[in-house]
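Notes follow the structure.
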Amino acid sequence: MLRAGWLRGAAALALLLAARVVAAFEPITVGLAIGAASAITGYLSYNDIYCRFAECCREERPLNASALKLDLEEKLFGQHLATEVILKALTGFRNNKNPKKPLTLSLHGWAGTGKNFVSQIVAENLHPKGLKSNFVHLFVSTLHFPHEQKIKLYQDQLQKWIRGNVSACANSVFIFDEMDKLHPGIIDAIKPFLDYYEQVDGVSYRKAIFIFLSKLSNAGGDLITKTALDFWRAGRKREDIQLKDLEPVLSVGVFNNKHSGLWHSGLIDKNLIDYFIPFLPLEYRHVKMCVRAEMRARGSAIDEDIVTRVAEEMTFFPKDEKIYSDKGCKTVQSRLDFH
């Protein structure tokens, strides 16, 4: 009996090793090998074994709210509103076993304030492979939708792409970068998928997540900057700024901005975007935090002299007060290369 059990285990191990070798090349072969291993051992399901060697969409995988909170607090600087809203929105959405619609977030702010970084953190906390996951999809307006005369084609392609990927994984994440450069009208093609429908053509989109990233033009950016400046000039902490101070004017500003992909969009008109999240302009102290974080990421010891020199190389506005970095932390990496 012992010998027979040892032989079964050895055979299963050999088949699993074979599956691992071919995993990157041929999923059908992997499936056959895993099926054989399951039959031999009798105690591991096909999915249990397959998902050890290939990425699987696990709808039951819970969100680790503590890990997400730690990532946001330790890696995102100067954005208390984004940290608070994203943590609550994602936690509430993933804890709801029967959401009525997909979660839709619209992130707005100047360049270098952390919008793309946050989308990366969110992706990594929802799917272990993050932006490299088969279930996280990034669209860049200038890359994927460059030609205004092809709007109808882009709309059709976008609908097919989202339908196919949500059919494969209900928990899919879709990130739309450069919404400020997207031709108006394209994004409305996905309006039915973001609405309160149980299914659209046999597919449920209710567990998907959509994230829009917009670098603000002067119109939208001034709304955020003015609020931050008003608080600063009144001697109030930026952490006292609340979402209600910015979200209403931000949504109206984006809706009426002809240079926005959300200009007169039905997504806003029908209240299908759950949160408009403002990213505040970054101060000198936040830039120094970014420099330290980059040094740690490179495995370098923190040298405060270098931190100060890099931060002082940045340019700040308004002209008189020089409070906010005009590029946020966007050029910190390249500037650190010179020190």
Please work out if LYS129 is free of Cβ contacts under 8 Å to residues at least 40 places away in the same chain and open to solvent by 10 Å² or more (accessible area, probe 1.4 Å).
no
Quick check on PRO146: is it at pLDDT below 95 and not small (Gly, Ala, Ser)?
no
Are any residues in the range 87-136 β-branched (Val, Ile, Thr) and under 21 Å from ILE162 (Cα atoms), and if so, which ones?
THR104, VAL122, VAL136
Can ILE175 be described as in contact with a helix residue (DSSP H, G or I) (Cβ under 7 Å, 6 or more places away or on another chain), assigned by the TED database to the domain that holds ARG238 and aliphatic (A, V, I, L, M)?
yes
Might you check whether a residue that is among the polar types (S, T, N, Q), within 13 Å of the chain's Cα centre (by Cα) and at pLDDT 95 or above occurs anywhere in the range 91-106?
yes
Scan the helices (runs of 4 or more DSSP H) fully inside the range 46-153 and keep the ones with 1 or more residues being more than 25 Å from ASP180 (Cα to Cα).
46-53, 65-75, 80-95, 115-126
Checking the conditions here, which among TYR275, TYR284 is within 24 Å of ASP177 (Cβ to Cβ) and of a type in the set (Phe, Trp, Tyr)?
TYR275
In the list ALA111, ALA123, which residue meets the criterion of being in contact with a strand residue (DSSP E or B) (Cβ under 6 Å, 6 or more places away or on another chain), in contact (Cβ under 8 Å) with a residue 40 or more places away in the chain, surrounded by fewer than 22 Cβ atoms within 10 Å (Cβ to Cβ) and hydrophobic (A, V, I, L, M, F, W, C)?
ALA111
For residues that are closer than 19 Å to LEU107 by Cα, open to solvent by 20 Å² or more (accessible area, probe 1.4 Å) and assigned to a helix (DSSP H, G or I), tally how many sit in the range 220-246.
8
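One line per residue, one yes/no per condition, for (1) of a type in the set (A, V, I, L, M, F, W, C); (2) open to solvent by less than 10 Å² (accessible area, probe 1.4 Å):
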{"site": "MET289", "(1), (2)": "yes, no"}
{"site": "VAL310", "(1), (2)": "yes, yes"}
{"site": "GLU313", "(1), (2)": "no, no"}
{"site": "PHE338", "(1), (2)": "yes, no"}
Return only the number of the condition from (1) in a helix (DSSP H, G or I); (2) open to solvent by 10 Å² or more (accessible area, probe 1.4 Å); (3) closer than 21 Å to LEU90 by Cβ that LYS160 does not satisfy.
(3)
For the range 250-267, which positions are in a helix (DSSP H, G or I) and within 24 Å of LYS327 (Cβ to Cβ)?
LEU250, GLY253, VAL254
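The values are calculated or read from the model by the stated rules, or taken from the named source; none is laboratory data. What you see is a predicted model, and the numbers here were worked out from it, not measured in a lab. Backbone-built Cβ (ideal geometry, glycine too); neighbour counts: all protein chains shown. Please note that ligands, DNA and RNA were not included when accessible areas were found on the heavy atoms of the full protein model with its side chains. Shrake-Rupley method; radii C 1.70, N 1.55, O 1.52, S 1.80 Å.
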